[in-house]
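What follows is one structure encoded as C-alpha cells, with my remarks underneath.
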Amino acid sequence: MDEYSETDRFRGARIHLSDLAGLEIRDCEVSGLKIVDCYGEQISIGGGFDRVVVNDVDVTAFVEGELDRQHPARALAREAVTAEDYRAAWSVIGDDWRRTFERAGRLPQDLLHERVDDEWSFVETHRHLLFAADAWVGNAVLEEDDPYHPLGFPAGAMPEADAAGLGLRLSARPSLEEVLAARRDRTSSVQRFLDSLTDDELDRVCGRKPADPYPDDRYVVRRCLTVVLKEEAEHHRYAVRDLAVLESR
C-alpha cells in the first residue's frame with residue numbers, strides 16, 4: 001500500500017473516476033473535503049468536524065447529540081465553566097474508567113496490547129492519557145520539576161526525537177498494571193489540584209506550555225484542564241468501542 005505522509009500534494013486536488021476502495025485518510029486537515037456522486041458501503045468517518053453534510057443533510061448536531069447521549073462525560077468536559085463543574089466532570093470520568101477497567105480485566109492480557117483497526121491498544125491509550133496529564137497538568141499547570149513519566153505516549157504527530165527529548169520511551173512495552181500504577185499517581189495529583197481549585201484560579205496564566213514541541217501560546221489553567229477532561233472522555237469512548245471488538249473474540 002502506498003503511503004503519503006506530511007505532504008500537501010493533494011491539497012485542492014480533484015480525483016475523478018478512480019478506484020479508492022480501502023483508502024484511509026488519517027490525522028489530516030480536510031476542511032472543504034467534498035465527496036460527490038460516489039458509491040460504496042461501510043464508510044467510516046471520524047474526527048473533529050465543525051459541520052458535516054451527508055447527501056445534503058447537515059448531520060453535525062445529530063452526531064454530537066448521539067455521542068453525548070451515549071457518553072455523557074463528553075458534554076460535562078466540553079461545558080465545564082466553574083471549578084465545581086471541573087470536579088463533577090472528573091468524578092464522572094473516573095467512574096466510567098473504573099467500570100471499564102473491570103471489563104478489561106476479564107480479557108487476556110495479550111489482547112490489551114492489540115490494536116483494533118490500527119487504533120491505539122488499551123495499554124497505549126492509557127500511556128497517552130498518562131502523557132496528557134503530565135503535559136497539561138504536571139508541566140503547564142503545576143510546573144513540576146520532572147513532569148514526564150517515561151511510559152507516556154504523545155500524539156502521533158510528535159516527532160520521535162522530540163518525544164525522546166522529554167524522556168519518553170515510545171518503544172517500551174509495559175504491562176497494563178505498570179501503566180495504571182503511573183496513571184493512578186497522576187490522577188491522584190489531578191484530584192488533589194481539583195479539590196483545592198477555585199474559580200479565580202481557572203484564569204491564571206500558566207508559566208509553561210504543555211511540552212517543548214507545542215506552539216508558543218497563552219495557556220491558562222481552564223484551557224489545560226479542559227484538554228485533559230476531553231482527552232479522558234474521548235479516549236474512554238474509543239476504548240469501550242474497541243473493547244467490544246476484543247470481547248467478541
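Numbers below:
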{"read-out": "Subset of region 228-249 [of a type outside the set (D, E, K, R) and either over 9 Å from the mean Cα position of the chain (by Cα) or open to solvent by 50 Å² or more (accessible area, probe 1.4 Å) (or both)]", "value": "L229, Y238, A239, V240, L243, A244, V245, L246, S248"}
{"read-out": "Matching residues in region 41-53 - criterion: being open to solvent by less than 100 Å² (accessible area, probe 1.4 Å) and modelled with pLDDT under 90", "value": "G46, G47, G48, F49"}
{"read-out": "Residue under evaluation G207, criteria (1) under 27 Å from L67 (Cα atoms); (2) loosely packed, with under 12 Cβ neighbours inside 10 Å, criterion not met", "value": "(1)"}
{"read-out": "Residues within region 91-115 that are among the hydroxyl-bearing types (S, T, Y) and in contact with a Leu (Cβ under 8 Å, 6 or more places away or on another chain), tallied", "value": "1"}
{"read-out": "Filter result (touching a helix residue (DSSP H, G or I) at 6+ places or on another chain (Cβ under 8 Å) and under 15 Å from D200 (Cα atoms)) within region 66-81", "value": "A80"}
{"read-out": "Residue selected from region 135-147 under the condition part of a helix (DSSP H, G or I) and hydrophobic (A, V, I, L, M, F, W, C), by the criterion most open to solvent (accessible area, probe 1.4 Å)", "value": "W136"}
{"read-out": "Pairs with Cβ under 7 Å, 6+ apart, first in region 39-68 and free of Cβ contacts under 8 Å to residues at least 12 places away in the same chain, second part of a loop (DSSP other than H, G, I, E, B) and of a type in the set (K, R)", "value": "D58/R51; T60/R51"}
{"read-out": "The listed residue being at pLDDT 90 or above and more than 23 Å from the chain's Cα centre (by Cα), out of D68, D37, D2", "value": "D37"}
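For (1) surrounded by fewer than 15 Cβ atoms within 10 Å (Cβ to Cβ); (2) of a type in the set (G, A, S); (3) closer than 12 Å to A239 by Cα, each residue gets a yes or a no:
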residue	(1), (2), (3)
A89	no, yes, no
E102	yes, no, no
L111	no, no, no
V123	no, no, yes
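The values are calculated or read from the model by the stated rules, or taken from the named source; none is laboratory data. Everything numeric here is computed off the predicted structure, so don't read it as measured data. A quick note on method: Cβ atoms are made from the backbone with ideal geometry, for glycine too, and the neighbour counts reach across all protein chains shown. Heavy atoms of the whole protein, side chains included, go into the accessibility calculation; ligands, DNA and RNA do not. Shrake-Rupley method; radii C 1.70, N 1.55, O 1.52, S 1.80 Å.
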